[in-house]
Structure formats: C-alpha cells, structure tokens
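Down below is the structure, laid out as structure tokens.
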Amino acid sequence: MRPSKTAAIVLLAALVTAAGAFGVEPPAPASLVGTWRLVSFEDVENGQAVHLFGDKPVGLFVYTADGHVAIQIANPANPTCVAATKKNRPGAAAERELPVCSAEQARALLEGYVAYWGTYTVDAAAGVVVHHL
C-alpha cells in the first residue's frame, strides 16, 4: 500500500494549523525554510487512522528559500538485508560485501519508504503548505 501524495501535505498542513491553534501565526515561507524532522505520519483510510510507516517513522522534510521541497519518510522497522558473498565489481577500491534481500524483504523495504521532491507554496491565510510534484 503506497501513501497518497496528499498524506504528507495533509500532515504538514495539520502542523501548520496546530501552530495557529496555539496562538502562533502559520509559517511564512521564510520561517518554513530549513530541515524538519518528522515526528509522526498518519493517513486516513475509510475513516480510520493508518500508520503506514509504523508508530515512530523517521523522515526529513527540506524546504529551500527558492521554493523547493524534498521529502523522505521510512519505517524504522524495515528489514535489514544480510550481506552475502557477492562482491563489488572486480578491481574496485573497496571489496565490500553487498547486502542481498529476499523478495519479501525487498517488498517491505519498498512499501516502508517514500521520497519525492518538487516545489511548494504557502497559503498563510488558509494555514496550508502545498507541494507541487
């Protein structure tokens, strides 16, 4: 199950709205610029809250002054693939073992991670940040 593109936007809009509820003005673009650490992620399906990335997801939201955004969210419970005997290409400077995932592990890794980038705009009056992908 892949999260909807609007889920992260709704999450951020909720953060902006929550700031307004505590008597803080919604962030203007200048106060939004920087790197933000994700503290929770929740999607809604059929009226029920769904935690697609676990109870304590990890993630970063990066907003630049020129209006660009980059998002990464992962489930920290994603499987760790084991290192096999497969090596880097011959003659590589460092002969490191490469991790190999089972089909189930690969699927869990893909379903437990999302990343995207684009531009953003802020509607301070509505307390909404819109990501344009």
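What follows is calculated from the coordinates using simple rules that are stated; it is not laboratory data. Keep in mind the model is a prediction, meaning the values are calculated, not measured. Please note: Cβ atoms are built from the backbone with ideal geometry, for glycine as well, and neighbour counts cover all protein chains shown.
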How much length is gained if the chain between H68 and V50 is pulled fully straight, taking 0.36 nm per residue apart and subtracting their Cα-Cα distance, in nm to one decimal? 3.7 nm
Can you pull the one-decimal nm distance between simple spin-label points at L110 and W36, each 7 Å off the Cα toward Cβ? 3.0 nm
